[in-house]
Structure formats: structure tokens, C-alpha cells
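Novice: Here's a structure for you.
The values are calculated or read from the model by the stated rules, or taken from the named source; none is laboratory data. For clarity, every value in this text was computed on a predicted model and none was experimentally measured. So basically every Cβ, Gly included, is an ideal-geometry build from the backbone, and we count neighbours across all protein chains shown.
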Ligand SMILES: [Mg+2]
């Protein structure tokens, strides 16, 4: 587990904007990955970065899907597509989430906390799309993936307010 530092992305002003923490098992080398990327506080945190990342992933033969917990109703899909186009994001599919009452109850884990229902739609998409990598800022989403889809590698985007500015007073590395 490590924090991706600014110098890993030359040309991008990472520090103070967004930092990604990578969690989970490694993905086999040479595999064509399916990468699931969140919108709010992830792509929106640094759109130019994710524009370059998604273009690079697609050029390298990987599959990029954008999955948001924005509710799929009204013109949300249309507006989200326009927004992603403005950001220059390249992706093969956009999935928004149904309202919690429209989720497939047969797929909801028995031990899921009721308050976490609004996050589980992203896991259903990941399962259906055979996702290898999740990029998301949401702590609960990351924890749910860790519990129910442990094979998915997680890059958790940390907002500036969550980045620790002082080294901890322990010498145990992450
Ligand atoms: Mg988010």
C-alpha cells in the first residue's frame, strides 16, 4: 500500500489537489484491464489528469467505464455525458445508479448495512463488467469493494482535506 506522490505524474499538479492510495492485490501483468472510474470528487477533482489517464488506458487496450452513484433519472445521463465530454474523458460505458428501491434485492448481500444500499449499485456494475480496478474517492465504496469484491484493485482518491500534512509519530509504514 502506498500513496502516489506528485513526482509520479510529471506535468500534473497533484499535491494539494488529489492523491491516490492504492489498495488490494496486484493485477497480473499483461492483462487487459477493465477500469471503473467515479465522477464526483474523482474525475471532477482533476479532470485534465483523468482525461490523460483514460486516453492512455484506452490506447493501451484497456477498457474504461465511468460509474457514478448519481441517480439515473431525468436528464442526469445526458448532462453527465456532456460533462464527461467537456472534461475530455474517454470511456466505453457510463453507468449511473438506480434508486435504492429499484435495486435487485436478490443481489443485495444479507449482511449489508441498510445505509450502504446507495453504494451497492457500483458493486453490481463492477461484478457485471468484470472490473479489475476501481478509482473512487468514497471510503464506504472502497470498503464495500474490499469486502465483497476483494479481487478488485482500488485506487482511492483523497481530497486535500484528508491528506495528512505532517508525518505520523509512528514508524510503521502503510
Ligand atoms: Mg465520488
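Novice: Could you tell me which numbered condition residue 133 fails, if it satisfies all but one of (1) within 15 Å of the ligand (Cβ to nearest atom); (2) surrounded by 19 or more Cβ atoms within 10 Å (Cβ to Cβ)?
Specialist: (1)
Novice: Go over the candidates 90, 101, 48, 82 one by one and state the one that is more than 16 Å from the ligand (Cβ to nearest atom) and closer than 18 Å to residue 157 by Cα.
Specialist: After applying the criteria, what remains is 48.
Novice: Take the conditions more than 16 Å from the ligand (Cβ to nearest atom) and modelled with pLDDT of 60 or more and apply them to residue 24. Does it pass?
Specialist: No.
Novice: Now for a different question. Looking at this structure, is residue 123 surrounded by 17 or more Cβ atoms within 10 Å (Cβ to Cβ) and away from the ligand (no atom under 15 Å from the Cβ)?
Specialist: No.
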